[in-house]
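A.B. asks: Submitted below is the structure of interest, expressed as structure tokens.
The values are calculated or read from the model by the stated rules, or taken from the named source; none is laboratory data. A quick note: this is a predicted structure, and the numbers were derived from the prediction, not measured. Here the Cβ is made from the backbone with ideal geometry for all residues, glycine too, and neighbour counts use every protein chain on show. For the accessible areas, the whole protein counts, side chains as well, though only heavy atoms, and no ligand, DNA or RNA atoms are used. Shrake-Rupley method; radii C 1.70, N 1.55, O 1.52, S 1.80 Å.
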Amino acid sequence: MKTSNKVSIFKSQKFRNSLANTTIYVVLTIMSLIWLFPVVWLVSNAFRGEDPGVVPYLFPKVWSFEPFKILFTDRFIESGQIKYLTWFFNTFIVAVFTMILSTVVVLLTSYAFSRLRFKGRKMLMKLLMILGMFPGFMSMIAVYFILKGIGLLPQSTEGVPVSNYLLALILVYSGGAAMGYFVSKGYFDTISKSIDEAAMIDGASRAQIFWHITLPLSKPIVIYTALTSFMGPWGDYIFVATITKGEQSAWSIARGLYEMLNGVGMIGNYFTAFCAGAVLISIPIVALFIFMQKFYVSGITGGAVKG
Amino acid sequence: MTNKNNPKMPFFPWLLEGLLESLKRFGLWLLEIVITIGKAFLNIGIFAYKGVIAIGKGIYRWAKRMIETFTKGDWKTRLSYAVFGSGYFLRGQIIKGILHLVLQVAFFVFLLMPNGGWFWARKLLTLGDVVTHVQTGDECQLDNFGNPVCQTVLGDNSMLILLYGLATVFIALGFWLIYNSQIKGAYKNQLLLKEGKKLPNFKQEVVELLDNRFHVTILSIPTVTIFTFTVLPLVFMILLAFTNFNKDNQPPGNLFSWTGFDTFGNLFGGVGYSTAITSIIQWTFVWAFFATFSNYIAGMIVALMINKKGIKLKKLWRTVFVLTIAIPQFVTLMLMRRLLDDNGPLNAQLKAWGWIEQSIRFLSTKQNARLTVILINMWVGVPYTMLVTSGILMNIPGDLYESARIDGASPFTQFWKITLPYMLFVTGPYLITAFIGNINNFNVIFFLTGGGPANTATGGLFGDTDLLVTWLYSLTVGGARQEYAIGSALGILIFIISAFISLVLYSRTAASQREDEFQ
């Protein structure tokens, strides 16, 4: 007895599957185009030769390196307002030191919360969570005056060396870093405690356990923390704007790029240069990010999600 | 025999039905939330009441303990009530004791030096009485010729008084904590000696700090920095909400003073402010909801699509999306703003191609701007959510699906009964954080629209895409209004909203209570 398998070809499993797959490919392609379009537009503008401002059409007519030249020589305004290289170095220095300090602080803090048990631990964690709920820059104005009070920022019209501003930024970024402890803490939580206990039986102190056992096991999260704290200062606009105000030599790359588009009378001359500058800083960040993608996924899902 | 759930459903109706089901469940879940909110109000009231009582009890117990320790203490312990560290260096712990003594001296130096702690703190209650002014009449000194020389006298600076005075209060608090701790330590030493035990010397204490008391060593520096750069500024800004600090009452020319809850009244009732506040709060929530869930669902769908068996080039698709994350957010947002401008390239090009006659006003009308902002936010956020959900999807144990398939479940049922509950459970906290984050999502709105288009009804007091945070910015630092006091009141409101929502949402998510189960 033959069971009738006369199912129409349109309802067969295999056809349904390939239909679904084809639809998915189409959707993904369209989405990729949409997602890549602004990137393409940015890059194409960075190589646009004809007009340094915004033009009423999408694709460049003349391809050249002109925008990059403008970026590094600033031939429009003699006062040397576009200090791209200075901004780049400022941000780089701030990023490196912030990375070092923040990583140390965050890892130690999350270790304390994850591994050590002491009175007030839960209360401290709740307190930090509550502190994090205030809008970030509500404290910025006060921080500005605190920094003035301890002498880092100029009290009067006299200037201070650029290094003061950079130091101020490093302090501010690293100072609040401990509040971002929960991702690393979540990761430490997943390391089995029996290793710690075995080491303690052998007579190791907690500090030794941290340094010799926990850290080597946590390479992904260390890298994740280091890279995120490195990438932070590159994108920050508000803090830098508040602290450095008009002192252009102390600006970060974000502040400078913002000025190129929004400063009075600037966009007509600097739009393509803006795109060029944006492309330049995006390259190292993209590289870092792709490298970090592995650690990012395991860090986010291993840490934050499990609470 | 046919399966319960129709396995012959093609892809898209299946997706639609799944979404509808999810919406239904979501509605029920929302109802539970409303009930929880009611309970939360009640709980807050009870909590506040208990808190006050607890503080009262705490003070009483502290006083009792201090008196007890004094009566039971010998002369060395009693001396520590006046001289820091006596309980230590008089019993052989020289270094520890001297350290405490140095701290005590340092504190008093700080307090009493010119321009020191007391100089600022004493004026906290009035926030200054002397305005910067030019001397008149008899105040003027006479120069060598007998002519009056009237100088400008620098008056009090209300802001610095508040700031430095507050800093002094905090430092005094720290001092008080150390005071208590060394008294306790002195008494503990006394008891130890009585039992015949030896007191740890300095070297042993250091070893302790690296072992059982490691947390003290680790957390000490972050505590100080967080206090200086987070807590102190926050308290300062909170206190500002109770003053009248704005453009007209600004140092160094003028003073501002305490005004109680007046500023809050202005925030909610002032001309234009009442419209502004209600409109902005509504939009903030609408925005946060759509921004969070559009990104989450879209990200999950994309992740599912890429992860599906039989789809090739998985890495390629993922890289495309990840590439867009790597470009700094402010760059892409500023770019989009120019691109979508009424006179910008996109409109111009579309006109040139004959697709449209008049510019599409992406960002210049209220409804359009709001829609555009949500869409652009998806462009920014979907790669993230795709990555996050991707990682979790891969962690779902495959045998769950296997057994479901053997039992004859369709892909729809599998998604509905396995994938979705698992995702919601694991990403619960993430969603809450994302929701609250979007309430305060300054960057996207600020760089895309600056909060605009400006609301004409209130004369530009706020913009139609303004969130509470962006409005805060334009009220204080960003614009010419300089309404710092109102800004602070607004900031407090934002905090209350965020904190309240967190409380409500967290208490409904099981995951947050399972911290120790994972260890």
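A.B. asks: If residue B:334 satisfies all but one of (1) closer than 28 Å to residue A:44 by Cβ; (2) in contact with a Ser or Thr (Cβ under 8 Å, 6 or more places away or on another chain), what's the number of the condition it fails?
C.D. replies: Answer for residue B:334: the failing condition is (2).
A.B. asks: Here's another thing I want to ask about it. With the condition kept exactly as written, say whether any residue in the stretch B:439-450 is among the hydroxyl-bearing types (Ser, Thr, Tyr) and either within 28 Å of residue A:180 (Cα to Cα) or out of contact with any strand residue (DSSP E or B) (no Cβ under 9 Å at 6 or more places or on another chain) (or both).
C.D. replies: No - not one qualifying residue is present in the stretch B:439-450.
A.B. asks: Hey, can you tell me all the residues within the stretch B:143-161 that are open to solvent by 90 Å² or more (accessible area, probe 1.4 Å) and in a loop (DSSP other than H, G, I, E, B)?
C.D. replies: Of everything in the stretch B:143-161, those that are open to solvent by 90 Å² or more (accessible area, probe 1.4 Å) and in a loop (DSSP other than H, G, I, E, B) turn out to be B:144, B:145, B:151, B:154.
A.B. asks: Quick test of your reading of the structure: residue A:121 fulfils all but one of (1) of a type in the set (Lys, Arg); (2) more than 9 Å from chain B (Cβ to nearest Cβ); (3) open to solvent by less than 30 Å² (accessible area, probe 1.4 Å). Name the failing condition by number.
C.D. replies: With respect to (1) of a type in the set (Lys, Arg); (2) more than 9 Å from chain B (Cβ to nearest Cβ); (3) open to solvent by less than 30 Å² (accessible area, probe 1.4 Å), residue A:121 is out only on (2).
A.B. asks: Also, I was wondering about something else. With a cut-off of at least 1 residues that are under 31 Å from the mean Cα position of the chain (by Cα) and surrounded by 18 or more Cβ atoms within 10 Å (Cβ to Cβ), name the helices (runs of 4 or more DSSP H) lying wholly within the stretch B:293-379.
C.D. replies: Of the helices (runs of 4 or more DSSP H) lying wholly inside the stretch B:293-379, those with at least 1 residues that are under 31 Å from the mean Cα position of the chain (by Cα) and surrounded by 18 or more Cβ atoms within 10 Å (Cβ to Cβ) span B:314-326, B:329-339.
A.B. asks: Do we find that residue B:181 is among the hydroxyl-bearing types (Ser, Thr, Tyr) and in contact with a Pro (Cβ under 9 Å, 6 or more places away or on another chain) in this structure?
C.D. replies: Against the criterion (among the hydroxyl-bearing types (Ser, Thr, Tyr) and in contact with a Pro (Cβ under 9 Å, 6 or more places away or on another chain)), residue B:181 does not qualify.
A.B. asks: Still on this structure: Given the criteria modelled with pLDDT under 80, touching a helix residue (DSSP H, G or I) at 6+ places or on another chain (Cβ under 8 Å) and within 14 Å of chain A (Cβ to nearest Cβ), does residue B:246 qualify?
C.D. replies: So residue B:246 fits the description; yes.
A.B. asks: If you don't mind, another one. Mind listing just one residue for me: the one in the stretch A:195-222 that is open to solvent by less than 60 Å² (accessible area, probe 1.4 Å) and touching a Lys or Arg at 6+ places or on another chain (Cβ under 9 Å) and, of those, nearest to the other protein chains (Cβ to nearest Cβ)?
C.D. replies: A:206
A.B. asks: Being more than 8 Å from chain B (Cβ to nearest Cβ), farther than 15 Å from residue B:222 by Cβ, over 17 Å from the mean Cα position of the chain (by Cα) and crowded, with 20+ Cβ neighbours inside 10 Å is the filter here, so list the residues in the stretch A:167-194 that pass it.
C.D. replies: If the condition is that a residue be more than 8 Å from chain B (Cβ to nearest Cβ), farther than 15 Å from residue B:222 by Cβ, over 17 Å from the mean Cα position of the chain (by Cα) and crowded, with 20+ Cβ neighbours inside 10 Å, then A:168, A:186, A:187, A:188 are the ones that fit.
A.B. asks: Among the listed residues B:256, B:289, which satisfies the condition of being assigned to a loop (DSSP other than H, G, I, E, B) and in contact (Cβ under 8 Å) with a residue 40 or more places away in the chain?
C.D. replies: Residue meeting the stated conditions: B:256.
A.B. asks: Separate question: Is it the case, given these coordinates, that residue B:85 is closer than 30 Å to residue B:241 by Cα and open to solvent by less than 40 Å² (accessible area, probe 1.4 Å)?
C.D. replies: Criteria not met by residue B:85.
A.B. asks: Kindly evaluate residue B:394 against the criterion of being open to solvent by 30 Å² or more (accessible area, probe 1.4 Å), within 11 Å of chain A (Cβ to nearest Cβ) and in contact with a helix residue (DSSP H, G or I) (Cβ under 8 Å, 6 or more places away or on another chain).
C.D. replies: When the stated conditions are applied, residue B:394 passes them.
A.B. asks: Identify, by number, the condition in (1) part of a loop (DSSP other than H, G, I, E, B); (2) in contact with a Gly (Cβ under 7 Å, 6 or more places away or on another chain) that residue B:389 doesn't meet.
C.D. replies: For residue B:389, the exception is condition (1).
A.B. asks: Still on this structure, I have one more. Is there any pair linking a residue in the stretch B:160-184 that is more than 13 Å from chain A (Cβ to nearest Cβ) to one that is β-branched (Val, Ile, Thr), with Cβ under 8 Å and at least six apart or on different chains, and which?
C.D. replies: These pairs meet every condition: B:183/B:69; B:183/B:77; B:184/B:69.
A.B. asks: Out of all the residues in the stretch B:425-432, is one or more of a type outside the set (S, T, N, Q), more than 31 Å from the chain's Cα centre (by Cα) and closer than 20 Å to residue B:301 by Cβ?
C.D. replies: Within the stretch B:425-432, none of the residues are of a type outside the set (S, T, N, Q), more than 31 Å from the chain's Cα centre (by Cα) and closer than 20 Å to residue B:301 by Cβ.
A.B. asks: Which number in (1) of a type outside the set (Phe, Trp, Tyr); (2) surrounded by fewer than 21 Cβ atoms within 10 Å (Cβ to Cβ); (3) within 12 Å of another protein chain (Cβ to nearest Cβ) marks the one condition that residue B:399 misses?
C.D. replies: For residue B:399, the failing item is (3).
A.B. asks: A further question follows. Among the residues of the stretch B:185-239, which ones are surrounded by 15 or more Cβ atoms within 10 Å (Cβ to Cβ), part of a loop (DSSP other than H, G, I, E, B) and more than 40 Å from the chain's Cα centre (by Cα)?
C.D. replies: Residues satisfying the conditions are B:199, B:200.
A.B. asks: Moving on. So which of A:110, A:139, A:114 ends up being among the polar types (S, T, N, Q), closer than 28 Å to residue B:474 by Cα and assigned to a helix (DSSP H, G or I)?
C.D. replies: Going through A:110, A:139, A:114 in turn, the sole match is A:139.
A.B. asks: Moving on to the next point. Can you tell me how many residues within the stretch A:11-33 are loosely packed, with under 11 Cβ neighbours inside 10 Å and touching a Lys or Arg at 6+ places or on another chain (Cβ under 7 Å)?
C.D. replies: Number of matching residues: 0.
A.B. asks: Something else now. Are there any pairs, at least 6 apart or on different chains, whose C-beta atoms fall under 6 Å, with the first in the stretch A:153-179 and modelled with pLDDT under 85 and the second open to solvent by 40 Å² or more (accessible area, probe 1.4 Å) and assigned to a loop (DSSP other than H, G, I, E, B), and if so, which?
C.D. replies: Once the first residue is modelled with pLDDT under 85 and sits in the stretch A:153-179, its partners that are open to solvent by 40 Å² or more (accessible area, probe 1.4 Å) and assigned to a loop (DSSP other than H, G, I, E, B) give A:179/A:132.
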